[in-house]
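The values are calculated or read from the model by the stated rules, or taken from the named source; none is laboratory data. Quick caveat: nothing in here was measured; it's all calculated off a predicted structure. Glycine also receives a Cβ, built like all others from the backbone with ideal geometry; neighbour counts cover every protein chain displayed.
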Ligand code: 3PG
């Protein structure tokens, strides 16, 4: 019987990207099912029941969803971060989980600069702002997005530092970036710090007052990573103590934190209405098609390259 591949995207891809994903699935002789813009878990529990593989974005694939799947062998996260998938529960059910690293990195990196310029220019209020050229930029983690940000920062004439204990010295060198030995040093030396760490048990709530207070005058934290890595009470505390700190993010924090940020520190904060770093036509196509091809490679040729729960 033909394999069933489910494309489940609460936040949908563009129509063109979705259609290309479906075309790849069909040309492998599989059946494609599309579940877009769904609300609540019910539709996903139903749709995944007879799927052999699924492509998702930040959709929550928890133990309950995995439990509803009777034949599932593979879930591909069309994107980088797989914190919304219970990889251990998947492993327990013999379900492989993959991601598509790097495919949406440029979209996220470009948005980081869009937001930096927006805030540096006073949210386009016409008053005197500042430039990015000559400023220091610290990259907290140096994966695909961090490297894409470094490339663009070179064009802006910024001096780039990076901290990532998991990356080899030659990788920083090849990118023309100065590696620093600790997160503390990174925050001390950087006027802008751009976050690119995944949300894990170790990184959750790890960005707080201690690091923020080290930043130079006018220090700006740029978050296109995950809201969970920010210690929100400490962020508010640091902002209360220092009138020069700034925060820009494309991931809205909790409602209460957002309300306080806007009410008390509005002029030096910018947060997009919804998570949208990877929301470009190009990134939808790159990540979606990579995911579809990885599924075909897994079933037809036993390819396991991007498995994150081996
Ligand atoms: C990722 O981890 O790839 C990005 O955060 C994008 O997530 P999204 O596909 O849910 O927009």
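Tabulated data
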| read-out | value |
| --- | --- |
| Test: residue in the stretch 24-32 that is buried (at least 23 other Cβ atoms within 10 Å of the Cβ), at pLDDT 95 or above and over 17 Å from residue 90 (Cα atoms) | yes |
| Failed condition for residue 113, given (1) farther than 18 Å from residue 225 by Cα; (2) away from the ligand (no atom under 13 Å from the Cβ); (3) touching a helix residue (DSSP H, G or I) at 6+ places or on another chain (Cβ under 8 Å) | (1) |
| Pair list, Cβ < 8 Å and 6+ apart or interchain, from the stretch 99-122 residues that are assigned to a loop (DSSP other than H, G, I, E, B) to residues that are at pLDDT below 95 and away from the ligand (no atom under 15 Å from the Cβ) | none |
| Some residue of the stretch 79-95 being more than 13 Å from the ligand (Cβ to nearest atom), part of a strand (DSSP E or B) and surrounded by fewer than 23 Cβ atoms within 10 Å (Cβ to Cβ) | no |
| Considering residues of the stretch 10-22 that are part of a helix (DSSP H, G or I) and more than 15 Å from residue 297 (Cα to Cα) only, the residue nearest to the ligand (Cβ to nearest atom) | 17 |
| Every residue from the stretch 52-64 that is more than 16 Å from the ligand (Cβ to nearest atom) and either farther than 18 Å from residue 307 by Cβ or assigned to a strand (DSSP E or B) (or both) | 53, 63, 64 |
| Index of the failed condition, residue 202 passing every other in (1) touching a residue at least 12 places away in the same chain (Cβ under 8 Å); (2) surrounded by fewer than 24 Cβ atoms within 10 Å (Cβ to Cβ); (3) more than 16 Å from the ligand (Cβ to nearest atom) | (1) |
| Unmet criterion (only one of (1) within 27 Å of residue 274 (Cβ to Cβ); (2) surrounded by 23 or more Cβ atoms within 10 Å (Cβ to Cβ)) for residue 72 | (1) |
| Residues of the stretch 47-64 that turn out to be buried (at least 18 other Cβ atoms within 10 Å of the Cβ) and within 22 Å of the chain's Cα centre (by Cα), as a count | 7 |
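A quick yes/no check of all residues on (1) out of contact with any strand residue (DSSP E or B) (no Cβ under 9 Å at 6 or more places or on another chain); (2) part of a strand (DSSP E or B); (3) farther than 23 Å from residue 17 by Cα:
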residue	(1), (2), (3)
214	yes, no, yes
222	no, yes, yes
234	no, no, yes
252	no, no, yes
261	no, no, yes
304	no, no, yes
